[in-house]
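Before any comments, here is the structure.
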Amino acid sequence: QVQLVESGGGLVQPGGSLNLSCAASGIILSIYNMGWYRQAPGKQRELVASTPRGGSTNYADSVKGRFTISRDNAENTVYLQMNSLKPEDTAVYYCYANRVALGLAYWGQGTQVTVSS
């Protein structure tokens with residue numbers, strides 16, 4: 001059974017930092033494309049950051065220079081380091097793993113991030 005379990009969310013003041021983790025079991029993350037989406041109330045889901053199997057990284061314009069996605073294959077975990085957080089970053093953050101060519105896609109349960117003073 002495949003599971004992606006996110007952690008690290010919480011309440012933080014504007015300008016603060018959080019480091020989200022997504023630990024996988026049942027799959028080997030190194031052979032999957034990985035990423036993070038977020039969804040704020042009343043808004044569409046937004047791709048925040050991704051890291052394909054090849055090791056490159058991609059970011060939404062809204063988070064470039066503030067967020068960093070990384071993976072630790074030995075720990076089978078992907079991270080999202082979020083710095084200089086803004087109230088508009090408030091959302092539920094979901095990690096995913098996929099292999100498009102194989103029709104495989106897995107999602108975590110989400111972790112709430114709230115940026116507020």
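The values are calculated or read from the model by the stated rules, or taken from the named source; none is laboratory data. Every value quoted in this text rests on a predicted model; they were computed, and no experiment measured them. When we count neighbours, we look across all protein chains shown, and the Cβ atoms used for this are built from the backbone with ideal geometry, even at glycine. Accessible surface areas use protein heavy atoms only, side chains included; no ligands, DNA or RNA. Shrake-Rupley method; radii C 1.70, N 1.55, O 1.52, S 1.80 Å.
Tell me the carbon and sulfur percent of the accessible area for the chain, rounded to whole percent, probe radius 1.4 Å. Please report the intermediate quantities before stating the final value.
Values: 2900 of 6130 Å².
Percent of accessible area from carbon and sulfur atoms in the chain: 47.
For the chain, build the charge dipole from Cβ charges (+1 Lys, Arg; -1 Asp, Glu) around the Cα centre, then report which of GLN3, TYR32, GLN13 sits farthest towards its positive end.
TYR32
Packing-wise, with mean Cβ within 10 Å as the measure, how do 53-62, 85-94, 66-75 rank, highest first?
On the way: 53-62: 11.3, 85-94: 18.1, 66-75: 15.2.
Descending packing order for the listed peptides: 85-94, 66-75, 53-62.
If you stretched the chain out fully between ASN19 and ARG45, how much longer would it get, using 0.36 nm times the residue separation minus the C-alpha to C-alpha distance? Walk me through the intermediate numbers first.
Numbers: separation 26, 0.36 × 26 = 9.36 nm, distance 2.00 nm.
That works out to 7.4 nm of additional length.
I'd like the distance separating the alpha-carbon centroids of segment 1-19 and segment 79-102, in whole Å.
9 Å
For the chain, what is the accessible area per residue in Å², given a 1.4 Å probe and the full set of protein chains?
Working: 6130 Å² over 117 residues.
That works out to 52 Å² per residue.
Once you charge only the Cβ atoms, +1 for Lys and Arg and -1 for Asp and Glu, what is the size of the charge dipole of segment 44-117 about its Cα centre, to the nearest 20 debye?
Values: 7 positive and 6 negative charges, 34 e Å.
The calculated dipole for segment 44-117 is roughly 160 debye.
Using the basic label-point model (7 angstrom from Cα toward the beta carbon), what is the SER116 to ASN73 distance in nanometres?
Once both label points are built, they end up 4.2 nm from each other.
Please list log₁₀ I(q)/I(0) at q = 0.11, 0.15 Å⁻¹ for the chain, using the Debye equation with identical point scatterers on the alpha-carbon positions.
Log-scaled intensity ratios, in q order: -0.32, -0.60.
I need the per residue convex hull volume for segment 78-117, using only the alpha carbons, in cubic angstrom as a whole number. Walk me through the numbers on the way to the answer.
Values: hull volume 3.4 nm³, N = 40.
Residue-normalised Cα hull volume stands at 84 Å³.
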